[in-house]
Amino acid sequence: MSPNQYTHNIVIKNTDETLFNTVIEARTSITGYRELNVNQLDDSNSKQIIIPGLINLHSHLAYSQTKLKSQSLFPWISQLVEIHHMGEMELPSAALQGAQEALSFGTSFLVDNTSHPQDSIKAFQESGLKGIIGIEIFGSDPKQATQILEHNIEQIKQLKESTNIDLTLSPHASYDVSAQLWQLCLEWCNQNQVPLLSHLAESTAEEAWFQNKDSEQAQSAREFWNKINTLETKLENWQSYPSSTQYLHRHNLLKPFSLLTHLVHAQKQDLELIKAAGLGIITCPRSNLYLENGLANYQLWHELGIQYGIGTDSKASNHDLDLRKEANAIPGLSAKARFALLTNKAAGLLKRNDLGSLDIGKAADWVVLELQDPNIDLATADPFELIMDTEMTIVKEVYIDGYCRYK
Ligand SMILES: [Zn+2]
């Protein structure tokens, strides 16, 4: 058997199709692209479940070695920036460690946000992880919008000479980026057919800031911006909006192709705007709890038919990068629905037909889960309950483009 083959008991091709006793392998297509091939096989005794590679839609690998205590968003960011400025972060090794940890939990594709894209590129290349890297952009002064954009585009041009990993722009948050700069980012992303990445409506402090700059609830945000000398510019350009989402809407910035993360404090009318704009949401429930933001109103999301996927955010605001645990933190969903969030739904948000399911011609990204209880009969058990149970099944191997990247 070639190293790219694997015998097993079940292959979960997608949420609606399960195969028994099948060989899975990567073959090289005429164009040189290694794609998936699936063949029936007669016999196998081992207890494994093969699933598509999981998709982490939001992280910051550079913070993988920074352990910060659970606290509210702005004091947390303040501490993060302090540690960063003291030069205490080993960013290249942290990014690589994060990529390897993500892989060990079955992630084959990850959307990273960073101010140090060269470290992420190296981490992706060395670990074999696939994904998109968004360069974090800050700039509240509209007069500097063009200059900031041009600087970042130049950086991407130079990076592109040494990698074919997708690079994009990640305007950090609506309170950190002028509408002019956001518009320029959006135009560039559309021209280059990559998603614009951003954080939105993560905390009560930022929503309070948009409504009333002097409000008590926004104090922690003002204190942090004052400390890093950005408060003055923000105050000069401040206008009142009902919410951060409304700010984007009124500047005509809620547009595809954008991947907006968190929306924990989005109100019903905000979510309706997101839906009407044809946008999906990325949610990071355990990170939201870690930063004392609470959980999003998932019941309302489901009622409104919001499309969403899952990210872990960084290890500086989470216990680990275990995507299955992240999905299990969302209340009121079946195991199958949770699995869909990590696979086909995530691929849909990325507009990537080749990811999130296993079939001939798709990306050869798959995960071998090993069943921990030999007495379970795979022929009768609910495979999704087993897949999403992190005690019952553990990640044994991860293949990306047909190459084993974790064992
Ligand atoms: Zn984040």
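The values are calculated or read from the model by the stated rules, or taken from the named source; none is laboratory data. This one's a predicted model, so the numbers in the text were calculated from it and none came from an experiment. FYI the Cβ positions are ideal-geometry reconstructions off the backbone, even for glycines, and counts take in every protein chain you see.
Just to confirm my filter: which helices (runs of 4 or more DSSP H) fall fully inside the stretch 193-304 and include at least 3 residues that are surrounded by 17 or more Cβ atoms within 10 Å (Cβ to Cβ)? Working first, answer last.
Working: elements: 204-211, 219-227, 231-236, 244-250, 268-276, 285-290, 298-304.
Correct list: 204-211, 219-227, 231-236, 244-250, 268-276, 285-290.
Mind checking which pairs have a first residue in the stretch 71-91 that is touching a residue at least 40 places away in the same chain (Cβ under 8 Å) and within 21 Å of residue 175 (Cβ to Cβ) and a second that is β-branched (Val, Ile, Thr) and outside any helix (DSSP H, G or I), Cβ under 7 Å, 6 or more apart or different chains?
80/66; 81/228
Considering every residue within the stretch 251-266, establish whether at least one is away from the ligand (no atom under 16 Å from the Cβ), out of contact with any strand residue (DSSP E or B) (no Cβ under 8 Å at 6 or more places or on another chain) and closer than 29 Å to residue 83 by Cβ.
Checked against the condition, which is being away from the ligand (no atom under 16 Å from the Cβ), out of contact with any strand residue (DSSP E or B) (no Cβ under 8 Å at 6 or more places or on another chain) and closer than 29 Å to residue 83 by Cβ, the stretch 251-266 yields no hits at all.
With (1) more than 30 Å from residue 366 (Cβ to Cβ); (2) at pLDDT 95 or above; (3) of a type in the set (A, V, I, L, M) as the list, and residue 81 as the residue in question, which single condition is left unmet?
Only one criterion in (1) more than 30 Å from residue 366 (Cβ to Cβ); (2) at pLDDT 95 or above; (3) of a type in the set (A, V, I, L, M) is unmet by residue 81, namely (2).
For every residue, the table says whether it meets (1) farther than 30 Å from residue 15 by Cβ; (2) among the aliphatic types (A, V, I, L, M).
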{"position": "51", "(1), (2)": "no, yes"}
{"position": "64", "(1), (2)": "yes, no"}
{"position": "77", "(1), (2)": "yes, yes"}
{"position": "80", "(1), (2)": "yes, yes"}
{"position": "85", "(1), (2)": "yes, no"}
{"position": "92", "(1), (2)": "yes, no"}
{"position": "103", "(1), (2)": "no, yes"}
{"position": "120", "(1), (2)": "yes, no"}
{"position": "132", "(1), (2)": "no, yes"}
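In the stretch 303-318, which residues are more than 9 Å from the ligand (Cβ to nearest atom), closer than 22 Å to residue 332 by Cα and not small (Gly, Ala, Ser)?
Looking only at the stretch 303-318, we keep the residues that are more than 9 Å from the ligand (Cβ to nearest atom), and these are 303-310, 312, 315-316, 318.
If we keep only those that are closer than 22 Å to residue 332 by Cα too, we end up with 303-310, 312, 318.
Passing the criteria: 303, 304, 306, 307, 308, 310, 312, 318.
With respect to residue 211, determine if the residue is more than 16 Å from the ligand (Cβ to nearest atom) and out of contact with any Pro (no Cβ under 9 Å at 6 or more places or on another chain). Lay out the reasoning, then the answer.
Values: more than 16 Å from the ligand (Cβ to nearest atom): yes; out of contact with any Pro (no Cβ under 9 Å at 6 or more places or on another chain): no.
When the stated conditions are applied, residue 211 does not pass them.
Return the only residue of 235, 200, 248, 196 being closer than 21 Å to residue 113 by Cα and more than 16 Å from the ligand (Cβ to nearest atom).
Working: 235 fails: closer than 21 Å to residue 113 by Cα; 200 fails: more than 16 Å from the ligand (Cβ to nearest atom); 196 fails: more than 16 Å from the ligand (Cβ to nearest atom).
Just a single option satisfies the conditions, and that option is 248.
Within the stretch 319-343, can you find the residues that are touching a strand residue (DSSP E or B) at 6+ places or on another chain (Cβ under 6 Å) and either of a type in the set (A, V, I, L, M) or surrounded by fewer than 22 Cβ atoms within 10 Å (Cβ to Cβ) (or both)?
Selection gives 323, 327, 341, 342.
If I filter the stretch 373-393 down to residues being polar (S, T, N, Q) and modelled with pLDDT of 90 or more, which single residue comes out as nearest to residue 333 (Cα to Cα)? Don't jump to the end; show me each part of the working.
The initial filter retains those residues of the stretch 373-393 that are polar (S, T, N, Q), namely 375, 380, 390, 393.
Right, trim to modelled with pLDDT of 90 or more and you get 390, 393.
Values: 390: 16, 393: 19 Å.
Looking at the filtered set, the residue picked out is 390.
Any residue that is touching a His at 6+ places or on another chain (Cβ under 9 Å), in the same structural domain as residue 328 (by TED's automatic domain parsing) and either surrounded by 15 or more Cβ atoms within 10 Å (Cβ to Cβ) or outside any strand (DSSP E or B) (or both) - is there at least one of those in the stretch 78-92?
To start, the set of residues in the stretch 78-92 that are touching a His at 6+ places or on another chain (Cβ under 9 Å) comprises 91-92.
When the remaining residues are screened for being in the same structural domain as residue 328 (by TED's automatic domain parsing), the result is 91-92.
Okay, now just the ones that are also either surrounded by 15 or more Cβ atoms within 10 Å (Cβ to Cβ) or outside any strand (DSSP E or B) (or both), so 91-92.
Checked against the condition, which is being touching a His at 6+ places or on another chain (Cβ under 9 Å), in the same structural domain as residue 328 (by TED's automatic domain parsing) and either surrounded by 15 or more Cβ atoms within 10 Å (Cβ to Cβ) or outside any strand (DSSP E or B) (or both), the stretch 78-92 yields at least one hit.
Please go through the stretch 365-400 and pick out each residue that is farther than 20 Å from residue 100 by Cβ, hydrophobic (A, V, I, L, M, F, W, C) and in contact with a Lys or Arg (Cβ under 9 Å, 6 or more places away or on another chain).
371, 376, 378, 384, 387, 388
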